[in-house]
Amino acid sequence: MPAPVALSLVDVRVRYGDRFAVDGVSLDVRRGEIVGLLGPNGSGKSTTLAVAAGVLDAAEGTVTVEGISRLVDPAGFAMRVGFVPQECALYDELTATDNLTFFGKLYGLAGADLRRRVLRVLGRVRLADHAEQRVSTFSGGMKQRLNLAVALIHDPGLLLLDEPTAALDPASRDALFADLTRLRDDGHAVLLSTHHLDEAELGCDRVAVLDRGKLVACGSPNELLRCRSTDRQVLYGHLRVRPPKFLQKALQKRFGTRIEFEITGRRLRLSAPTNEDLGMALATILAEGIELETYRTPAGTLERTMRDSGSVAATHGGADQP
Amino acid sequence: MTSHANLTLTLAAKDWRLFWADRRAALLCFIVPIVLASAFGMIFNRPTPDATATKLPILVVIEDDGPFTAQVAADLLTSPKLDAKASTQSEAEAALPKRRPTIAVVLPKGFEKLRDWQPSGGGDRPTVRILHHPTASMERQWAEGVVTEIVMRRLARSKFGGFVGADEAAFATPFQVDATAVSAGTSAKFNSYSHSFCGMTLQYLLFWGMESGLLFLRERQRGVWKRTRAAPVPLGCVLAGKTLSTAAIALLQVFVTFGFGYFVFGVQVTGSFTGFVLLALAACGLAAATGLLVAAIGGTEARARSVSILVILGISMIGGLWLPTFLLPEWVRDTALSLPTSWAMRGLGGVTWEGLGLRAVLPNVAMVTAFAVVFLAIAVLRLKSDERRLRQGNV
């Protein structure tokens, strides 16, 4: 028997002026699964999450969380959703405990129950030792973990995360995905947005691909890959330091059209027709003194799916890194 | 489910904690109005009628060497109303531009002819020259009055001294002066510190309101605002919490500023204490409402800050928060009636140095409250409309 549906979007449309930012999206997210919303900038990911979080009203369609519509029971709807906005949604001037206590009180928690929950979520995101530290002293990864903890304080069934890895280094990103995996295993439903193909592929149970507000594909990464086999080898890396522009241009010129070489912030994407080409390109990059913190070569890739939907150019062309 | 009152208190408590999180900035909120009020109070401080009369500093230039002139000069130099020193014309001309002092009286050659003056006689009259700094027109009139009194007394003595003898009392002014300050209160005694502490407190309440509004604007551009909107919190509670926290900190400002004024400069509530409390509460409400208004119509933070500073300084100046209104032109005083600052200032002045009762300041309380309610209503309507548009994607 399938797990109960935590979030149900049915034919949701959101209008920004004359255009639809979300155009007829229908999507179910069940308890015990992580669903990735994948798409380039402007594809409607954040808008879809905002509608699911109840901070934006859909012009058409229905949104229910565990069967409850915000229009019918706004408080009940809000109690079932934990929302992690893209920006760090914390008060830097307050301590981790103060932040959790404040947001917990907004959800009606108080007294011993609230104190117990604060300790529990701090432990869950491995911040118990920093409970009384001001958030302004936290690293980016710690802030993101606290950001997640705040969304968990009222123990919602559905977690919504808007680009949670945007400002994280690879280690913090892996730690965050480990946290999300544990939450999924505890029965939470997780819907997160990203425009990094490797994250969606490696960290999500299902992937929903959005393009210009429309849902163009949805399924497990393997299902999507079976539908469309890839013809290129891809490598994703995280650079220690972003190389200067002239060096990027020089490498692009040297690789020509055979090898796709793209750097966005400190993220690297290499794509080549064969593994040999990919290896040679990587060796060239390393020879130029560009250091990689981490890299991965997915067994398969959603590249083709994105390419087919017309999203891939915009994804890699977008300024998606701080 | 948490009651709306609890939610409001939770939001207000958060703002209170955020205010104290930066201790130095918080302390400046209290120190700056105290420093400015003290400075304004010192600048405009004048002795009370009970204190020793102020002497007008002048220089006396004696160009005639006749005995009558010498007597007049001696009277000027020993007058209890003047702090006079003998000087030469060139010394006086060098001292006046430096305002040390601002007045010089010249008894010119030919002044001695005045000894032969007859009440009905025509002919040439000697000229007494009064040199003065361009800004010292009031002092010039003061000096002219004292010189006239001394010359007329000396003339009377020279004309009629043979008849009544040398008794000084015989030449005293034939009337006495009884100067009484009249105001609506029974114990009015102008105190420049009372005025400056009322004025600067009100001005900085408005500045605090503005700062609170700017903080709200900043908060609405941060992720915490999205998170708050996603929580089961009605917008009304958010606005009520913001109003409550702003007003509570404003009340603390009033308490600290007036407390300092009381202990250091003797600023007292000589009129109705209830009236003072009501005015303070109304002014704090006005500060909170101003803050929400800034957040509602300010647009961007930079724009809101520039416009708010201009408006607050303008209504502070016209409303008599810097200078007592009796020093302002009549049209400014008339215009000020349309400003909340003027009503608040008159009310606070009334209960502090004018000694007015509760009934006398109730109209001021009502007007300040009415302004606060109108500001609050505009802000709430605007913010609710913004929230509706935001929810519908009309950003």
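Structure notes:
- Sole residue being at pLDDT 85 or above, in contact with a helix residue (DSSP H, G or I) (Cβ under 8 Å, 6 or more places away or on another chain) and more than 14 Å from every other protein chain (Cβ to nearest Cβ), chosen from B:Val311, B:Val307, B:Val365: B:Val365
- Some residue of the stretch A:88-99 being facing chain B (nearest Cβ under 7 Å) and assigned to a helix (DSSP H, G or I): yes
- Given (1) in the same structural domain as B:Phe260 (by TED's automatic domain parsing); (2) β-branched (Val, Ile, Thr); (3) free of Cβ contacts under 8 Å to residues at least 40 places away in the same chain, index of the condition B:Thr78 fails: (1)
- All positions within the stretch B:319-356 that are modelled with pLDDT of 90 or more and more than 24 Å from B:Ala39 (Cβ to Cβ): B:Ser338, B:Pro340, B:Trp343
- Those residues of the stretch A:115-127 which are under 20 Å from A:His188 (Cβ atoms) and either basic (Lys, Arg) or within 12 Å of another protein chain (Cβ to nearest Cβ) (or both), in sequence order: A:Arg116, A:Arg117, A:Arg120, A:Arg124, A:Arg126
- Count of residues meeting criterion [outside any helix (DSSP H, G or I) and of a type in the set (Ser, Thr, Tyr)] in the stretch B:327-350: 1
- Among the residues of the stretch B:376-389, those that are within 14 Å of chain A (Cβ to nearest Cβ) and either among the β-branched types (Val, Ile, Thr) or free of Cβ contacts under 8 Å to residues at least 40 places away in the same chain (or both) comprise B:Arg388, B:Arg389.
- Pairs with Cβ under 8 Å, 6+ apart, first in the stretch B:230-243 and more than 9 Å from chain A (Cβ to nearest Cβ), second aromatic (Phe, Trp, Tyr) and in a helix (DSSP H, G or I): B:Lys242/B:Phe216
- Filtered residue count, the stretch B:114-138, keeping only those that are charged (D, E, K, R), in contact with a helix residue (DSSP H, G or I) (Cβ under 8 Å, 6 or more places away or on another chain) and either in contact (Cβ under 8 Å) with a residue 24 or more places away in the chain or surrounded by 19 or more Cβ atoms within 10 Å (Cβ to Cβ) (or both): 1
- Within the stretch B:191-228, the residues that satisfy the criterion of being within 14 Å of another protein chain (Cβ to nearest Cβ) and out of contact with any Leu (no Cβ under 8 Å at 6 or more places or on another chain) are B:Arg218, B:Glu219, B:Arg220, B:Gln221, B:Arg222, B:Trp225, B:Lys226, B:Arg227.
- Taking the stretch B:190-237 as the range and being in a helix (DSSP H, G or I) and β-branched (Val, Ile, Thr) as the test, the residues that pass are B:Thr201, B:Val224, B:Thr228.
- Residues of the stretch B:14-24 satisfying the condition of being more than 8 Å from chain A (Cβ to nearest Cβ) and either at pLDDT 95 or above or under 17 Å from B:Arg218 (Cα atoms) (or both): B:Asp15, B:Trp16, B:Phe19
- Of all residues in the stretch A:37-60, those satisfying the criterion of being over 13 Å from A:Ala21 (Cβ atoms) and either within 14 Å of chain B (Cβ to nearest Cβ) or over 22 Å from the mean Cα position of the chain (by Cα) (or both) are A:Ala52, A:Ala53, A:Gly54, A:Val55.
- Failed condition for A:Asp113, given (1) free of Cβ contacts under 8 Å to residues at least 40 places away in the same chain; (2) surrounded by 16 or more Cβ atoms within 10 Å (Cβ to Cβ); (3) within 27 Å of B:Trp16 (Cβ to Cβ): (2)
- Residues of the stretch A:21-32 satisfying the condition of being facing another protein chain (nearest Cβ under 10 Å) and surrounded by fewer than 24 Cβ atoms within 10 Å (Cβ to Cβ): A:Ala21
- Taking first residues from the stretch A:126-140 that are on the phi < 0 side of the Ramachandran plot and surrounded by 13 or more Cβ atoms within 10 Å (Cβ to Cβ) and partners that are hydroxyl-bearing (Ser, Thr, Tyr) and assigned to a loop (DSSP other than H, G, I, E, B), the Cβ contacts under 8 Å between residues at least 6 apart in sequence or on separate chains come to A:Val135/A:Tyr91.
- Test: residue in the stretch A:70-81 that is in a strand (DSSP E or B) and at pLDDT 90 or above: yes
This table checks each residue for (1) among the aromatic types (Phe, Trp, Tyr); (2) touching a strand residue (DSSP E or B) at 6+ places or on another chain (Cβ under 9 Å); (3) surrounded by fewer than 18 Cβ atoms within 10 Å (Cβ to Cβ); (4) over 15 Å from A:Tyr295 (Cβ atoms).
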{"position": "A:Arg240", "(1), (2), (3), (4)": "no, yes, yes, no"}
{"position": "A:Pro244", "(1), (2), (3), (4)": "no, no, yes, yes"}
{"position": "A:Leu247", "(1), (2), (3), (4)": "no, no, yes, yes"}
{"position": "A:Gln252", "(1), (2), (3), (4)": "no, yes, yes, yes"}
{"position": "A:Ile263", "(1), (2), (3), (4)": "no, yes, no, no"}
{"position": "A:Arg269", "(1), (2), (3), (4)": "no, yes, no, no"}
{"position": "A:Ala272", "(1), (2), (3), (4)": "no, yes, no, no"}
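- In the stretch A:33-50 there is no residue matching the filter, namely being surrounded by fewer than 23 Cβ atoms within 10 Å (Cβ to Cβ), aliphatic (A, V, I, L, M) and over 21 Å from A:Leu168 (Cα atoms).
- Pairs, first under 18 Å from A:Leu183 (Cα atoms) in the stretch A:79-102, second of a type in the set (S, T, N, Q), C-beta under 6 Å, six or more apart: A:Val84/A:Asn147
- Selected residue (criterion: surrounded by the fewest Cβ atoms within 10 Å (Cβ to Cβ)) from residues of the stretch A:61-75 that are more than 8 Å from chain B (Cβ to nearest Cβ) and among the small types (Gly, Ala, Ser): A:Gly67
The values are calculated or read from the model by the stated rules, or taken from the named source; none is laboratory data. Quick caveat, the model's predicted, so the values are computed rather than measured. A quick note on method: Cβ atoms are made from the backbone with ideal geometry, for glycine too, and the neighbour counts reach across all protein chains shown.
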